[in-house]
Amino acid sequence: MWNTVFERLHPGARSSDAEIARAEAELGFALPESYRSFCRDCGAGLANGHFRIATPLPYPAADLVTRAEIIADSINAAIEALSAADAPHRFAIEDGDLSRLARACFFGEGEDGSFLFWDVAGAGEYSIWVMAADLETVRFGGDSLDAFFRRTQGLTILDVLGDGTPPLASTFEGIEAAVLARAGEASPPGKPA
């Protein structure tokens, strides 16, 4: 399937069924089939030259469970700091359903500072949403991961990332396991991390 989504596909470190099962157990819900397929066939890397999708791997820099927690904590801290001003933080969610944020599981990051999340209501494929870098604007991304990538490769990207955003390249550039392993290594004493 992914060969029809990406014109150029170079897989990275791929997730095993055991790693996917571990992530599901730790997160407490079944991962969508389109995402499971992506993890097995594409792996860690950069999709459409723009989106880093976290996948279940033993490398914290790319691991879904680790990244989901880090992204959620970072967003919560930023929103708390923004809310410390006179007015409470407000979201502009495309369909107005604020409860989506309580059900959000973050799984990706855009080069523009945006964040991807699933609304984990129900079962099966979860709707994908994009939180803009302003931490206010939330737009619908797609009904599945392949649909999301296709929407960002055409003019419907305007609905996903906003006005002025050109269609993204139909590519996937994987990151090899050795590179991810080095990213998690500790720096020698006296050297910056």
- [ ] Considering only Gly45, Gly174, Gly122, give the residue with the highest GNM mean-square fluctuation for the chain, with springs between Cα atoms whenever their separation is below 10 Å.
- [x] Gly122
Task: Prolate/oblate/rounded label for the chain (Cα gyration tensor, a/c 1.5) - done: rounded
Task: Highest-fluctuation residue, Asp17, Asp97, Asp159 considered, GNM on the chain with Cα pairs under 10 Å - done: Asp97
TODO: Have a look at Gly28, Gly43, Gly110 and tell me which one the Gaussian network model of the chain (Cα, springs below 10 Å) gives the largest fluctuation.
DONE: Gly28
Open item on the list: Place a point 7 Å from Cα of Glu176 in the direction of its Cβ. Which residues in the range 11-32 have their backbone N less than 16 Å from it?
Closed with: 11-14
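Mean separation of Cα pairs under 8 Å and 6+ residues apart, divided by the residue count of the range 72-193: what relative contact order is that in percent?
Values: 146 pairs, mean separation 17.5, N = 122.
So the answer I get is 14 percent.
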TODO: Compute the Kirkwood hydrodynamic radius of the range 89-165, taking the inverse of the mean of 1/r over all pairs of distinct Cα atoms, and give it in Å to one decimal.
DONE: 12.5
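Could you give the length gained by full extension between Asp112 and Asp159, i.e. 0.36 nm per residue of separation minus their alpha carbon distance, to one decimal place? Mind showing how you got there, number by number?
On the way: separation 47, 0.36 × 47 = 16.92 nm, distance 1.54 nm.
That works out to 15.4 nm of additional length.
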Task: C-alpha center-to-center spacing [the range 98-153, the range 35-68] in angstrom - done: 15
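Kindly give Rg over Rh for the range 25-137, based on alpha-carbon atoms, with the Kirkwood expression for the hydrodynamic radius.
Values: Rg = 14.4 Å, Rh = 14.9 Å.
Computed over Cα atoms, the ratio is 0.97.
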Task: Value of [θ]222 nm, deg cm²/dmol, for the chain, DSSP H segments ≥ 4, -39500 (n - 2.57) each, nearest 500 - done: -9500 deg cm²/dmol
TODO: Place a +1 charge on the Cβ of each Lys and Arg in the chain and a -1 charge on the Cβ of each Asp and Glu, then give the dipole magnitude about the Cα centre in debye, rounded to the nearest 20.
DONE: 440
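Where a number appears in this text, it was derived from the coordinates with a stated rule and is not lab data. Everything quoted here is computed from the prediction, not taken from an experiment. Quick reminder, even Gly has a Cβ in these numbers, built from the backbone with ideal geometry, and neighbours come from all protein chains shown.
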